[in-house]
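S.K.: Here you go, one structure.
Please treat every number below as a calculation from the coordinates, not as lab data. Quick caveat, the model's predicted, so the values are computed rather than measured. Don't worry about glycine lacking a Cβ; one is built from the backbone with ideal geometry, like all the others, and counts go over all protein chains shown.
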Amino acid sequence: MKRKRSTKDQKKRKKSLLYLTLITSVIYILWRLFFTLPLTYGALSITVGVVLLLCEALTIIETFTHFINTSHVKIPEMPIISSEQFPTVDVLICTHNESVELLYKTLNGCSHLTYPDQTKVAIHLCDDKNREEIKELALKFGAHYHGFEGNEFAKAGNLNHALKSGNCTGELVAVLDADMIPTNDFLMETVPYFLLPKMKKSGYKWQLRTEKEIYEGKPIGFVQTRQSFYNLDTFQRNLYLEDHITNEQDYFYREVNPSRIASGSAAFAGSNVVFDREALDKIKGFATHSITEDLATSIEIASHGYEGLALDKELAHGLSPDDTSSFIKQRRRWSRGSAQSIITQKFFKSNLSLRSKFNYFTAYMYWWTFFRRFVFIICPILFSVFDIKVADTSLLSLLIMWLPCYIFYNHSMKIMSDYTINTILSSIQDTIQFPYMIGSIFFGTLQIPEKNFEVTSKESIKGRNSQFRLVWPFIILLILSLWGIYLSVYRIFIQGHEGSVIVLYWLLYNLLPLINAVVYYYGRELARDSELYNIKTAIICKGERGTFKGTTIGMNENYITFKLHEQIELPEHELIDFTLKANNYEYRFSNLPKKTANDGVYCLAVDFTCLEENQKRIFYQILYDRPHTLNRNIKLTYWSDVRILIMALVTHRKKSREEDPFEDNDQDTNTNDFNDMDVLY
């Protein structure tokens, strides 16, 4: 779903808000620097006070860099080109240890890619485990198979091995992770951008440039699209926030990365991307000096005079890590990869512009957010529990200087991010990660290698998604915070110490992220290993009583739930013909409908063991060739999160779309009896 860009009036309001936030922030930081450092309270207080000030200043600098970038977003218009102008494309799917069934869905999506001349598209399955069953799967879909053993350079080595093969000769190279299922228009919505240097728009019509008409921009090195996910991420799931927050990565793909185009620092993000083959050849393939090839490759391509585009287009969908352990390992790897790519002489001596270098460097500085979060949590504890001064000021002065900055900063965060992030959500997510990220970015900066490299698991898990062994830092901080709250209340109401009011507010604010962290690592019981996607499409039922129309309520690889438009009871033991229509796909089958616990809702069980090959492929397309159905906007506030946590802890509720459609229904649900399906194109 493409969002509408801001109108001129909205841009003016955003600009005014940006200036007000900048002015109040600069005033606040200068006041903190010259008037609030605890210079008379000993070395420890001075050290903590300086560290706190630096963390505040870095947070503001990083935020304003993004604010400035988002106020100057320049995404070029995609040219309209003729069928003959579409170049040859190699689509590379990377796999390390993923299952056949997971890769099947991705290959199926690739086999349905729309392109004017299908002979110009070649699909490649790049397997650095050299597995026989994966080779057979590639042959089933008519894809080239690249088996590769002894890979020393992870994903980059796998891709480079395929590029060097004799059958990977396309003018463009698309890269997809093993779980990323492309929509049918993936190539049609990305490939035309590579012809921008050759095209010009005259009025409403695109045409080729003449030899004398020089293109003022740089050649396009890559076109990165959004990484979209069709399952709940660990924050949405474990914190019961599926209806209140977006996927944790949405902010980067929808706002941050597109905003970096103008500075020449848009990033290749590992998947859902198309490269110019000539650009890859000039940098000798994907970068291998970092454990994450994406940022390093982006920098190399930009250094060779190419422009990277980052589009807010949802053209492929994959799986977020299902378990907290995989999520933490993934982020630790990303942080080290960022340090390996940026903290090098090669980067600082490159011919990138100063603005590009600064924006790339802020990508590295982002990973120090977790240290800053620790500082923001520990400072009020040090002040209230251990009587260590972190700032020297009166309550009135603090309110006058801090409150305007705080209000404008919070409001700007929501507006400038287009409601994909806010400060409370950011605080919760950073708090959950900080104990396990600080060491990673520190050692990564020192270029100390990780002992083991692990690819993020893409397989679904069952049962409670719990890593409670990781919760002990938060328990300690919670206890100290609660003790600090008690002491602050005592000092305010018994001793009349007004300065403790702000400390009390600070402790109470931090309390919610810490409680969320405990809930997060405790985990959440999974109703089953895949969500029931909120897909609404037409379904037609034809039986002995006649033909009736309905609408699906939810679907996944196991079930189809639907409701008829008329108040009619379907017979439960009569085989009924169904037609499912979605996009350009039509799926016809026969099944025994079963009533669910919800009034008027019926369910059909899907059993792939009963499906022919073409049936399975078309059903997967109906499921995945569409925008994801999860929440797209932030609806979270401090108090709404308190309410959600209380409800979740008291009732242990599960999201309805994750519940078994047959729950509390005493009917027989043996799926072996359900399917006698037949699909017609």
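S.K.: When residues of segment 584-602 are filtered for being not in a loop (DSSP other than H, G, I, E, B) and not β-branched (V, I, T), how many remain?
M.R.: Number of matching residues: 10.
S.K.: Just to be sure before I move on: is A279 aliphatic (A, V, I, L, M) and out of contact with any Ser or Thr (no Cβ under 8 Å at 6 or more places or on another chain) in the structure I sent?
M.R.: yes
Table: residues versus (1) in contact with a helix residue (DSSP H, G or I) (Cβ under 9 Å, 6 or more places away or on another chain); (2) touching a residue at least 24 places away in the same chain (Cβ under 8 Å); (3) surrounded by fewer than 19 Cβ atoms within 10 Å (Cβ to Cβ); (4) in a loop (DSSP other than H, G, I, E, B).
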{"site": "E149", "(1), (2), (3), (4)": "no, no, yes, yes"}
{"site": "K155", "(1), (2), (3), (4)": "yes, yes, no, no"}
{"site": "A162", "(1), (2), (3), (4)": "no, yes, no, no"}
{"site": "F186", "(1), (2), (3), (4)": "yes, yes, no, yes"}
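S.K.: Follow-up. Collect the residues in segment 108-126 that are more than 24 Å from the chain's Cα centre (by Cα), in contact (Cβ under 8 Å) with a residue 40 or more places away in the chain and not in a helix (DSSP H, G or I), keeping them in residue-number order.
M.R.: Result: H112, T114, Y115, V121, A122, H124.
S.K.: For residues in segment 97-107 being touching a strand residue (DSSP E or B) at 6+ places or on another chain (Cβ under 8 Å) and touching a residue at least 60 places away in the same chain (Cβ under 8 Å), which is nearest to N158 (Cα to Cα)? Spell out how you get there, then give the answer.
M.R.: Looking only at segment 97-107, we keep the residues that are touching a strand residue (DSSP E or B) at 6+ places or on another chain (Cβ under 8 Å), and these are 103, 105-107.
Those still in the list that are touching a residue at least 60 places away in the same chain (Cβ under 8 Å) too: 103, 105-106.
Details: L103: 16, K105: 20, T106: 17 Å.
Among those residues, the one meeting the criterion is L103.
S.K.: Report yes if some residue within segment 339-347 is over 24 Å from L470 (Cα atoms), under 24 Å from the mean Cα position of the chain (by Cα), among the hydrophobic types (A, V, I, L, M, F, W, C) and assigned to a helix (DSSP H, G or I); otherwise report no.
M.R.: yes
S.K.: Residues that are more than 18 Å from I342 (Cα to Cα), part of a loop (DSSP other than H, G, I, E, B) and touching a residue at least 12 places away in the same chain (Cβ under 8 Å): does segment 284-293 have at least one? Walk me through it before giving the result.
M.R.: Filtering segment 284-293 for residues more than 18 Å from I342 (Cα to Cα) gives 284-285.
If we keep only those that are part of a loop (DSSP other than H, G, I, E, B) as well, we get 284-285.
Okay, now just the ones that are also touching a residue at least 12 places away in the same chain (Cβ under 8 Å), so 285.
Yes - at least one qualifying residue is present in segment 284-293.
Residue-by-condition table, conditions (1) touching a Cys at 6+ places or on another chain (Cβ under 8 Å); (2) touching a residue at least 60 places away in the same chain (Cβ under 8 Å); (3) hydrophobic (A, V, I, L, M, F, W, C):
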{"position": "D9", "(1), (2), (3)": "no, no, no"}
{"position": "F34", "(1), (2), (3)": "no, no, yes"}
{"position": "L39", "(1), (2), (3)": "no, yes, yes"}
{"position": "V50", "(1), (2), (3)": "no, no, yes"}
{"position": "F64", "(1), (2), (3)": "no, no, yes"}
{"position": "H72", "(1), (2), (3)": "no, yes, no"}
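S.K.: Within the group K542, K536, which residue is part of a strand (DSSP E or B), in contact (Cβ under 8 Å) with a residue 12 or more places away in the chain, more than 23 Å from T609 (Cβ to Cβ) and in contact with a strand residue (DSSP E or B) (Cβ under 6 Å, 6 or more places away or on another chain)? First the steps, then the outcome.
M.R.: Details: K536 fails: part of a strand (DSSP E or B).
Within the list K542, K536, the selection yields K542.
Rundown of residues vs (1) within 24 Å of D387 (Cα to Cα); (2) touching a Ser or Thr at 6+ places or on another chain (Cβ under 8 Å), yes/no style:
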{"site": "S16", "(1), (2)": "no, no"}
{"site": "I23", "(1), (2)": "no, no"}
{"site": "R32", "(1), (2)": "yes, no"}
{"site": "L39", "(1), (2)": "yes, no"}
{"site": "I46", "(1), (2)": "yes, no"}
{"site": "L54", "(1), (2)": "yes, no"}
{"site": "H66", "(1), (2)": "no, yes"}
{"site": "P76", "(1), (2)": "no, no"}
{"site": "S83", "(1), (2)": "no, no"}
